[in-house]
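Data block below; observations after.
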Amino acid sequence: MTKLIVDGKEIDVPPEYTLLQACEAAGAEIPRFCFHERLSIAGNCRMCLIEVVGLPKPQASCAVGVRDLMPNKDGSPKVLNTKTPMVKKAREGVMEFLLINHPLDCPICDQAGECDLQDQSMAYGVDASRYAENKRAVEDKYIGPLVKTVMTRCIHCTRCIRFSTEVAGVPELGAIGRGEDMEITTYLEHAMTSELQSNVIDLCPVGALTSKPYAFTARPWELGKTQSIDVMDAVGSAIRIDTRGREVMRILPRTNDEVNEEWISDKTRHVVDGLRTQRLDQPYVRMNGRLAPATWKEAFAVIANRLRPVDGAKVGAIAGDLAGAEEMYALKDLMGRLGSANIDARQDGAAIDPAWGRASYLFNATIAGIEQADALLIIGSNPRREAAVLNARIRKRWRQGNFPIALIGEKADLTYSYDYLGAGAETLAGLSSSKFAETLKSAERPLILVGAGALARPDGAAILSLAAKAARDLGAVKDGWNGFSVLHSAASRVAALDLGLTPGKGGKTAAQMAQGGVDVLFLLGADEIEVKDGPFVVYIGTHGDRGAHRADVILPGAAYPEKSAIYVNTEGRVQLANRAAFPPGDAREDWAILRALSDQLGCTLPYDSLNALRQLMFAAHPHLARIDQIAAGDAADLGKLAQNLGSIGGNADKAPLRSGVTDFYFTNPIARASAIMAECSALAHAVHKTAAE
């Protein structure tokens, strides 16, 4: 530790700190534009100038390390000042230079109200400019459908360039020209292709890069702000939902170092318009082959009449990928009271069973644990498409060095280099004899990442057993470290498995029910499975997607910003999504629909409020009450899974392993209803087609 005196306060700081970090550790506030804690240091803007006693000039505190300071001859601590007249004058000079060419168009700028330049000019700006010449003007650039550019406002902080190169791993932004002719652009003004590109909107300290879909929609002071959780993938990124009245206006990231740091994917941010489009806002009943509007009472009566002569064994339910824990618990409760063991939440047919132990379906290493790993094997997954934020964490660890990565499955651009071992299960079965096996054995904390797509095959159980055997044999499971990690792509999957939403004794799977194995089928937001003709289908959901098109009765539910619900992410972290808005029209929260329906069916569920439902759920599954905590799985279960290779999984076939996500932008009904996601998807396919040619 190094002693420093900051504004008269003596502190001890690590020598690897910058002066900016040292000053902030002492409680000083240092203005900055180019510096960002998660990006490399550029030292461009000079706004963070401070005085180091003994040096004649102000120093850029972001670019000078504590260890770079020459010690005083008498051995006394170095003195740093952040509030002296010299510092104030230096910062005012920097601000005056920044504002020389800035257009000062705050009234029409989308960044107004949350602009760093605006805020800091209040403290260090002057009331008049000495600059009388013409201002510099820069032509706006096209960089895609998500990010709007007004490049005359750009102050060349280069945060966007550093983010796209270092974090996103898709170095599409760069600078051309020098001095006042410098401009930031993409190559030949092509659209950016990263799934994380819109994070540059949050990083930009001025209004040069703003959200194109959100442009001129609302001012920040008009919006209500609600902390919640993202459900577009199974990572569970921390988000803030901004609303005006009943309408969701935008979604922004919140900082959570354990999960998403401060990044979110483009789908998470821009799916907002999908919440308004193709919404189900009243019940519908199919009459003479066509869906007709109905009242709740009429819809419930039709369901009750259809269920009355049906045996419980001929009733089934499938839970969708966006369902919260509460409605899944209520659905299972209702099926039990109807005498049915036909319930499943694995629309994709994934070979995962809670009976094999919780460790068999969790990302046991945890997302933050990726940074502790020292080798990685990816099996049948494309993390860039399935969990873009988690992929950025893998890249972050890869950039630190000494992190060999290998892939079994289909080749893909993952934004980091890897060794390609092969495409199929035979490569996984013969892994122990490969060269990379020695790398895993010699690693202290090897990580084996298994994609959900690898398990959603007829031989998925065999793949899971082979992966568990590899993890045990190659040292990924040991005291103090469990590197066996399943990457799910559905936000509801882990909670569903925790709650036991799998077929009971003699029960049918989702695929068997969809093929006509039941007479009455409840779909709780299940849109990723095709139901054949035959069953009477009751669809509880939010959008006019595949499930609603097949339904005989539609009961309109609430989307994730419109309800308070518990989700469990891929690592087993229990998270709470808070209600930010209200469902449209006559739509209701899913658990309340099931409760009201149970009354009509004569098997009333024993709770009249969300709190009462949660109390029963917590009593049955206590770990769900521990918000933001992870109940770890038992690593011994993986040993049993590996030993029972033949009895559980049988033989694996030779088909290549593939990711379960083929189109990043179209993974759920909300995304498919979004015009912005459709534009991004079309652009991505055009880019891939051009690259292939």
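The values are calculated or read from the model by the stated rules, or taken from the named source; none is laboratory data. Note that this is a predicted model, so its numbers are computed, not measured. For neighbour counting, all protein chains shown are included, and Cβ atoms are generated from backbone atoms with ideal geometry for every residue, glycine included. We work out accessible area using only protein heavy atoms, side chains counted, and drop any ligands, DNA or RNA first. Shrake-Rupley method; radii C 1.70, N 1.55, O 1.52, S 1.80 Å.
Values computed for the structure shown
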| read-out | value |
| --- | --- |
| Which listed residue, of A208, A238, is of a type outside the set (D, E), open to solvent by less than 10 Å² (accessible area, probe 1.4 Å) and in contact with a Cys (Cβ under 7 Å, 6 or more places away or on another chain) | A208 |
| Answer residue from segment 93-117, given it is part of a helix (DSSP H, G or I) and farther than 21 Å from I50 by Cα and is least open to solvent (accessible area, probe 1.4 Å) among those | I100 |
| Residue in segment 278-288 that is free of Cβ contacts under 8 Å to residues at least 60 places away in the same chain and open to solvent by 10 Å² or more (accessible area, probe 1.4 Å) present | yes |
| Residue ID - farthest from the chain's Cα centre (by Cα), chosen from residues in segment 318-330 that are among the hydrophobic types (A, V, I, L, M, F, W, C) and open to solvent by less than 30 Å² (accessible area, probe 1.4 Å) | A330 |
| Residues satisfying the stated conditions in segment 278-304, i.e. out of contact with any strand residue (DSSP E or B) (no Cβ under 6 Å at 6 or more places or on another chain), of a type in the set (S, T, N, Q) and at pLDDT 95 or above | T295 |
| Among the residues listed as A514, A548, A596, the single one being in contact with a Phe, Trp or Tyr (Cβ under 6 Å, 6 or more places away or on another chain), assigned to a helix (DSSP H, G or I) and farther than 30 Å from V389 by Cα | A548 |
| Residue list for segment 249-265, restricted to those being among the acidic types (D, E), part of a loop (DSSP other than H, G, I, E, B) and more than 15 Å from Q575 (Cβ to Cβ) | E262 |
| In segment 45-67, the residues that are part of a loop (DSSP other than H, G, I, E, B), surrounded by fewer than 18 Cβ atoms within 10 Å (Cβ to Cβ) and either out of contact with any strand residue (DSSP E or B) (no Cβ under 7 Å at 6 or more places or on another chain) or of a type in the set (K, R) (or both) | G54, L55, P56, K57 |
| The one condition in (1) β-branched (V, I, T); (2) farther than 25 Å from D634 by Cβ; (3) touching a Ser or Thr at 6+ places or on another chain (Cβ under 7 Å) that T415 fails to fulfil | (3) |
| Members of segment 8-37 found to be assigned to a loop (DSSP other than H, G, I, E, B), open to solvent by less than 70 Å² (accessible area, probe 1.4 Å) and touching a helix residue (DSSP H, G or I) at 6+ places or on another chain (Cβ under 8 Å), listed by number | P14, P15, I30, P31, R32, F33, C34, F35, H36 |
| Boolean, D348 is within 29 Å of G460 (Cβ to Cβ) and open to solvent by 10 Å² or more (accessible area, probe 1.4 Å) | yes |
| Flag if G349 is of a type in the set (G, A, S) and either more than 30 Å from L601 (Cα to Cα) or out of contact with any Ser or Thr (no Cβ under 9 Å at 6 or more places or on another chain) (or both) | no |
| Filter result for the condition that a residue is on the phi < 0 side of the Ramachandran plot, in contact with a Leu (Cβ under 6 Å, 6 or more places away or on another chain) and either open to solvent by 50 Å² or more (accessible area, probe 1.4 Å) or among the β-branched types (V, I, T) (or both), over V147, V126 | V147 |
| Lone qualifier among D281, D273, D333 - being under 33 Å from the mean Cα position of the chain (by Cα), part of a loop (DSSP other than H, G, I, E, B) and among the acidic types (D, E) | D281 |
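Okay, residues lined up against (1) in a loop (DSSP other than H, G, I, E, B); (2) under 29 Å from the mean Cα position of the chain (by Cα):
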site: E426; (1), (2): no, no
site: V450; (1), (2): no, yes
site: R457; (1), (2): yes, yes
site: L464; (1), (2): no, yes
site: G475; (1), (2): yes, no
site: S485; (1), (2): no, yes
site: S489; (1), (2): yes, yes
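Conditions tested, residue by residue: (1) over 27 Å from T427 (Cα atoms); (2) touching a strand residue (DSSP E or B) at 6+ places or on another chain (Cβ under 9 Å); (3) of a type in the set (K, R).
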residue: D608; (1), (2), (3): yes, no, no
residue: H621; (1), (2), (3): yes, no, no
residue: I630; (1), (2), (3): yes, yes, no
residue: P656; (1), (2), (3): no, yes, no
residue: A675; (1), (2), (3): yes, no, no
residue: E679; (1), (2), (3): yes, no, no
